[in-house]
Amino acid sequence: MGEAIKMAEVNLQGTKGGPFGAVVVKDGKIIARGSNKVTMLNDPTAHAEIVAIREACLHLNNFQLTGCDIYCSCEPCPMCLGAIYWARPERIFFAADRADAAAAGFDDDFIYKEVSSSISDRKMTTYQLLRDEACIIFDKWIELDNKLPY
């Protein structure tokens, strides 16, 4: 956890991104590090956890982080939490929480509330279109013999 927090602090210098750091650990060793690079890359998905997950998956040559733990300097935002669940590590550890991030001016808590709201109650107008056409693709996926489930 100390390494994730240290990375968050180091990221304060310059314009790389926000004060967030994350590490992925397997068998007691750090296999990947990530710091927030949102402003440096002009990429709203370049959060510390996402950067660390991408690096760890490359290191392991696998899209899953089986047997790994993720340490985050702050409770993962909804996007990062989703990515962490998709990566399937064993455990998540975090230091500061979403309320701490909100107090520092970050949207984590707001987005958590939006995600749990019904679509009609969200601040961003959202429409569903062509559902039947899209569901045909899922039917084809279900029938596919050579798929690699994830």
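The values are calculated or read from the model by the stated rules, or taken from the named source; none is laboratory data. As the structure is a computational prediction, the values presented were derived from the model and not from experiment. Glycine gets a Cβ as well: all are built from the backbone with ideal geometry, and neighbour counts include every protein chain shown. Side chains are part of the model used for accessible areas, which takes the heavy atoms of the whole protein and leaves out ligands, DNA and RNA. Shrake-Rupley method; radii C 1.70, N 1.55, O 1.52, S 1.80 Å.
In whole percent, what relative contact order does the range 3-102 give with Cα contacts below 8 Å and a gap of six or more residues?
24
How many Å² of accessible area per residue for the range 81-137, probe 1.4 Å?
Values: 4560 Å² over 57 residues.
The answer is 80 Å² per residue.
Going by a ≥ b ≥ c, the root eigenvalues of the Cα gyration tensor, does the range 90-147 fall in the rounded group (a/c under 1.5), the prolate group (a/b larger than b/c) or the oblate group?
Here the range 90-147 falls in the oblate category.
Provide the packing ranking of 110-123, 85-98, 16-29, 68-81, i.e. peptides ordered by the mean count of other C-beta atoms within 10 Å per residue, highest first.
Highest to lowest by the protection proxy: 68-81, 16-29, 85-98, 110-123.
Run the numbers for ALA102 and TYR150: contour at 0.36 nm per residue of separation, minus the present Cα-Cα distance, in nm.
That works out to 14.0 nm of additional length.
Explain nothing, just the number: dipole magnitude of the chain about its Cα centre with +1 on each Lys and Arg Cβ and -1 on each Asp and Glu Cβ, in debye rounded to the nearest 20. Numbers along the way, then the final one.
Values: 16 positive and 21 negative charges, 67 e Å.
Using only the charged Cβ atoms, the result is roughly 320 debye.
Using a basic spin-label model with each label point 7 Å from the Cα along Cα→Cβ, how many nm lie between GLN13 and GLU114?
Result: 3.4 nm between the two label points.
With a/c under 1.5 counting as rounded, go ahead and sort the range 76-117 into rounded, prolate or oblate using the C-alpha gyration tensor (a ≥ b ≥ c being the square roots of the eigenvalues; past the cut-off, prolate if a/b is larger than b/c, else oblate).
On the way: a/c = 2.96, a/b = 1.42, b/c = 2.08.
Verdict is oblate for the range 76-117.
Taking just the alpha carbons, could you work out the radius of gyration and Dmax for the chain, both in angstroms?
In order Rg, Dmax, the Cα atoms of the chain give 17.5, 51 Å.
If each DSSP helix of 4+ residues adds -39,500 (n - 2.57) and the sum is divided by the residues in the chain, what number results at 222 nm, nearest 500 deg cm²/dmol? List each step's numbers first, then the result.
Details: 7 runs with 64 residues, N = 150.
Value at 222 nm, helices only: -12000 deg cm²/dmol.
Heavy atoms of the protein only, probe of 1.4 Å, neighbouring chains included. What is the accessible area of MET40 in Å², nearest 10?
MET40 exposes around 90 Å² with every protein chain in place.
Within the range 5-122, how many Lys pairs sit with Cα atoms under 17 Å apart, leaving out pairs fewer than 8 places apart on the same chain?
The number of close lysine pairs in the range 5-122 is 4.
With a ≥ b ≥ c the root eigenvalues of the C-alpha gyration tensor of the range 1-61, is it rounded (a/c under 1.5), prolate (a/b larger than b/c) or oblate?
oblate
Quantify, in whole percent, the carbon and sulfur part of the accessible surface of the range 1-139 (1.4 Å probe; protein heavy atoms only). Walk me through the numbers before you get to the answer.
Values: 4990 of 8720 Å².
For the range 1-139, the apolar C and S fraction of the accessible surface comes to 57 percent.
All other residues with a Cβ under 12 Å from the Cβ of VAL23 taken together, and with Lys, Arg as +1 and Asp, Glu as -1, what is their net charge?
Residues near VAL23 contribute 0 overall.
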